[in-house]
1. If the chain were replaced by its equivalent ellipsoid, with semi-axes equal to the square roots of 5 times the Cα gyration tensor eigenvalues, what would those be, largest first, whole Å?
2. Work out how much length ALA132 to ALA60 would gain on full extension: take 0.36 nm times their residue separation and subtract the Cα-Cα distance, in nm to one decimal.
3. Determine how large the accessible area of LYS320 is when every protein chain is in place; take a 1.4 Å probe and give Å² rounded to the nearest 10.
4. Of LYS151, LYS212, LYS321, which has the largest mean-square fluctuation in a 10 Å C-alpha GNM of the chain?
5. Calculated from DSSP H runs of 4 or more alone, at -39500 (n - 2.57) each and per residue, what is the 222 nm mean residue ellipticity of the chain, nearest 500?
6. With axes computed from alpha carbons, what is the tilt in degrees of helix 130-147 against the longest principal axis of the chain, rounded to the nearest 10 within 0 to 90?
7. Relative to the first principal axis of the alpha-carbon coordinates of the chain, what is the inclination of helix 211-226, with its axis defined by its Cα atoms, in degrees from 0 to 90 and to the nearest 10?
8. Please work out the average accessible area per residue across the chain, using the 1.4 Å probe convention, and give it in Å².
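The values are calculated or read from the model by the stated rules, or taken from the named source; none is laboratory data. Please read these numbers as outputs of a predicted model, since none were measured by experiment. Backbone-built Cβ (ideal geometry, glycine too); neighbour counts: all protein chains shown. For the accessible areas, the whole protein counts, side chains as well, though only heavy atoms, and no ligand, DNA or RNA atoms are used. Shrake-Rupley method; radii C 1.70, N 1.55, O 1.52, S 1.80 Å.
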Amino acid sequence: MSSLRHVRSVLLATAVAGIVVAASVAVIGTAEAASTLGASAAQSGRYYGAAIAAGRLGDATYTRILTTEFNSVTAENEMKWDATEPSQGRFTYTNGDRILNQGIAMGAKVRGHALLWHQQQPSWAQSLSGSALRNAAINHVTQVATHYRGKIYAWDVVNEAFADGGSGGRRDSNLQRTGNDWIEAAFRAARAADPAAKLCYNDYNTDGVNAKSTGIYNMVRDFKARGVPIDCVGFQSHLGTGLPGDYQANLQRFADLGVDVQITELDVAQGSNQANVYAGVTRACMAVSRCTGITVWGIRDSDSWRTGENPLLFDNSGNKKPAYTSVLNALNAGGTGTPPTTSNPPTTSTPPPTGACAATVSLNSWNGGYVATVRVTAGQAAVSGWTVSLSLPSGSAITGIWSATNTGSAGAVSFRNVSYNGQIPAGGFTEFGFQGTGSGPTAIPTCAAG
């Protein structure tokens, strides 16, 4: 992602956006136009959000604009690997929780950014490689997503894993060198840790149909075909003086794969065409039913990572710029209506077990490690407390667990429910998971109620 600590070249597209559609501004709650960005987006079931920094929340102008205009927030840096796990196994969520609590207080959606990225890794992770890095990365995904379980609208699970240029292939990084399935492993771990969150892949220089966006498209298509959990694709859209002519078509081709699309880090270089480019992005999102929202990367020009380019909707003093009006008009002009409400793929229905309860295991394995998701299903009667027992193969050891407590970490292991998932209605189920080294369990687990 882009941040004040992240400098890179910005794609400067050349096509010019179309003419802004005018719309009157009125009070939210009427059949006419809404008067703020968030309220205007909400009319069609979308969000209009901003990336925010915990350190700026004490700025009165900053927070006034934030709380007035936006209905979604993204953490600029506070939820990244270096911020949340500064030393291996020691997690700190103070500033990430500040972002979360700000969003909750506003009644806004909260986007988590980002679980895995080749940049802004803590120094200890930079020194790892192979299975040690893979295990550490999956543990990081598991622990952070578990901490925020049920509170994050969407996670950027993996960020900027594809290379620039004409190859359409993966970026070389320490994460990529752990094996080409590392992205899949991260998404499966994130789903196990927080089943309710939308899981997104996020990247830049993908605004039009090009080799890089096509490489990502092919990955998403493969994931959907094989049942790898992916719900959305983020387009950063750090734009220059124009908008690619196939911008909307590019969003639509991803949506046609069955995923949501989101504009995740929008900013546009200052210039005579800035308002038109902002309007063009907004209209494109409004025209694609599965474009669920737009996030600008910062609030005022002075908050932007693009120093001197004045790329945001409010000037240094917090005044609305012409680009703001063009966006508001485009939102109020309407689009395709409320985007479809999507959920995680349904699981196959199976009859209740004949005993008091039963357990099944699904594995995501790689060379040297695995993540196991265990489903506990009640029988013909409700269950009040449960214990699952299984055997791990020789050389396997548990390194992390969520939504259960364990006795033993190698060989014969048992898992007990925690306070919030011990009660299962007749025929219902709950899930817990664990991560380990070596090979995952292959024997059928046993389940005892009570």
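1. Details: eigenvalues 329, 111, 82 Å².
Each semi-axis is the square root of five times an eigenvalue, giving 41, 24, 20 Å.
2. Details: separation 72, 0.36 × 72 = 25.92 nm, distance 4.47 nm.
Length gained between ALA132 and ALA60: 21.4 nm.
3. Accessible area, nearest 10 Å²: 120 Å².
4. Of LYS151, LYS212, LYS321, the Gaussian network model singles out LYS321 as fluctuating most.
5. Details: 11 runs with 117 residues, N = 450.
Roughly -8000 deg cm²/dmol at 222 nm, from the helical runs in the chain.
6. With both axes taken from Cα atoms, the answer is about 80 degrees.
7. Orientation of helix 211-226: about 40 degrees from the principal axis.
8. On the way: 16760 Å² over 450 residues.
With all protein chains present, the chain gives 37 Å² per residue.
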